[in-house]
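Q: The structure under discussion is supplied below as structure tokens; questions concerning it will follow.
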Amino acid sequence: MRNFLLLWGIMIGLSLFGCQGISQTATAEKQPETENITEDSVESLLHYLASDELKGRETGTEGIDLAASRIATIFQDNGVETYYESYRDTFQVEDKYAYNVVGFVEGKDPELKDEIIILGAHYDHIGEGKKVNGDIIANGANDNAAGTVAVVELARHFAEIKDNKRSLMFILFSAEEMGLRGSNHAAEKLKDEGVHLYAVLNFEMLGVPMEGKEYLAYITGFEMSNLAEKFNEYSSEEVLGYLPQAEKYKLFQRSDNYPFYQEFKIPAQTISTFDFTNYEYYHHVSDEAGNMDFEHLKDLIDAVKPGIQKMANKEEKEIKLNEE
């Protein structure tokens, strides 16, 4: 998360403003019948990822290797396909080996399936933080086990319903905390392979709700595309909104969406609920699962499903970058 935020002390006390420029004009199509995710499944995975056993999920350590194994097992058990030879896509960061975990649900339309939507989140963290009461493990529950759980649950959901015309790729990035290294690797590799990307939705710090907002989460780079407007239209509710601080502190450039924008010049934006006032444990040993709002996280994951499904199934690519 080092690349997603500026200095914490600068941010505290900033005032927040309301959503701008979002319309809600259409009724979402009915989704195929399937059970919503459960709070128990969200809580179970997040507790594991943020457990002391994983020791803060630092890139190149046994802890993040355990996290990668758990994610790959969930993908396999729920019919999420591999995209490469295995779920792990290996790259090197300095003298360390790192792994993005990549799953795939192929689209059912013979033509649209060649267009891919990426749902991503970084699953690494910093390992250790400043010691507090003898605790030195920076568990990274909000940063970014919460986003990881969202992507894993969405992969589970779309693999079950198998109703996407475009293909969906699910990437859990390593080495975000080392400078967006995992997402840079993925974007460059997919570009070299000639992959046709439609859009990228990156999930970052979702574990606690915002307060006093008409929308559930904000997106970075709000004014760069019509993503929020169309997504809310697809969803028939105010899911995504505008947060002034996201633009002021250039958060668009500070998370794993950015390398895909650089390589592909497509809508590639981050969804977050961290609003600079609602969570104080950034890179802190108290960023633990017990501080997460699991009902909120479950509800948010369910809320983004209709918008993603419409993105995958609309014949035309309606979500576009705005003209400069």
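Q: Can you tell me how much longer the chain between Lys265 and Glu85 gets when fully stretched, taken as 0.36 nm per residue apart minus their C-alpha distance, in nm with one decimal?
A: 62.0 nm
Q: Once segment 106-145 is represented by equal point scatterers at the alpha-carbon sites, with solvent omitted, what log10 I(q)/I(0) does the Debye formula produce at q = 0.29, 0.33 Å⁻¹?
A: -0.95, -1.07
Q: What value in Å³ per residue do you get for the convex hull of the alpha-carbon atoms in the chain?
A: Cα convex hull per residue, to the nearest whole number: 129 Å³.
Q: Of all accessible surface on segment 232-310 at a 1.4 Å probe, what whole percent is carbon and sulfur?
A: Carbon-and-sulfur percentage of accessible area, whole number: 39.
Q: Kindly rank 56-64, 104-112 from highest to lowest mean number of other beta carbons found within 10 Å of each residue.
A: The peptides rank, most packed first, as 56-64, 104-112.
Q: Further question on the same structure: Any idea how far the Cα center of segment 251-295 sits from the one of segment 68-141, in Å?
A: 16
Q: Another question about this same structure. Taking N as the number of residues in segment 209-251, what is its Cα Rg relative to 2.2 N^0.38 Å?
A: Dividing the Cα radius of gyration by 2.2 N^0.38 Å gives 1.12.
Q: List the residue ranges in the chain for DSSP H helices whose C-alpha atoms run 18 angstrom or more along the long axis and whose Kyte-Doolittle average is 0.0 or above.
A: Helices meeting the span and hydropathy rule in the chain are 62-77, 146-161.
Q: Extending each Cα 7 Å along its Cβ direction at Lys131 and Tyr48, get the distance between those two points in nm, one decimal.
A: For the pair Lys131/Tyr48, the computed spacing is 3.2 nm.
Q: Please list, in order, the residues from segment 166-182 whose amide nitrogen is less than 18 Å from a point placed 7 Å along the Cα→Cβ vector of Lys113.
A: Of the residues in segment 166-182, 166-170 have backbone N under 18 Å from the label point off Lys113.
Q: Of Asn226, Tyr84, Tyr282, which is farthest towards the positive pole of the chain's charge dipole, taken about the Cα centre with +1 and -1 on the beta-carbons of Lys, Arg and Asp, Glu respectively?
A: Asn226
Q: Hey, another quick one. Roughly what would the spin-label model give for Lys250 and Glu316, points 7 Å off Cα along C-beta, in nm?
A: About 3.6 nm separates the two model spin labels.
Q: Relative to the compact globular guide of 2.2 N^0.38 Å, what is the alpha carbon radius of gyration of segment 183-224, as a ratio?
A: In units of the globular-protein estimate, segment 183-224 measures up at 1.64.
Q: Please list the radius of gyration and Dmax for segment 51-111, considering alpha-carbon atoms only, with Å as the unit.
A: Calculated on Cα positions, Rg and Dmax stand at 13.8, 46 Å.
Q: Further, regarding this structure: Sorted by accessible area with a 1.4 angstrom probe, largest first, how do Asp89, Asp40 fall?
A: Per-residue accessible area, sorted high to low, gives Asp40, Asp89.
Q: On a 1.4 Å probe surface of the protein chains, which of Lys265, Lys314 comes out largest in accessible area, and what is the full order?
A: Ranked list, largest accessible area first: Lys265, Lys314.
Q: Moving to a separate point now. With N set to the number of residues, divide the alpha-carbon radius of gyration of segment 158-314 by 2.2 N^0.38 Å and report two decimals.
A: Cα-based Rg divided by the globular estimate yields 1.04.
Q: Leaving out ligands and nucleic acids, note down the accessible area per residue over the chain with a 1.4 angstrom probe, in whole Å².
A: 41
The values are calculated or read from the model by the stated rules, or taken from the named source; none is laboratory data. Worth saying up front: this structure is predicted, and the values here are computed from it rather than measured. Neighbour counts are summed over all protein chains in view; Cβ atoms, including those assigned to glycine, are modelled from backbone coordinates with ideal geometry. Accessible surface areas use protein heavy atoms only, side chains included; no ligands, DNA or RNA. Shrake-Rupley method; radii C 1.70, N 1.55, O 1.52, S 1.80 Å.
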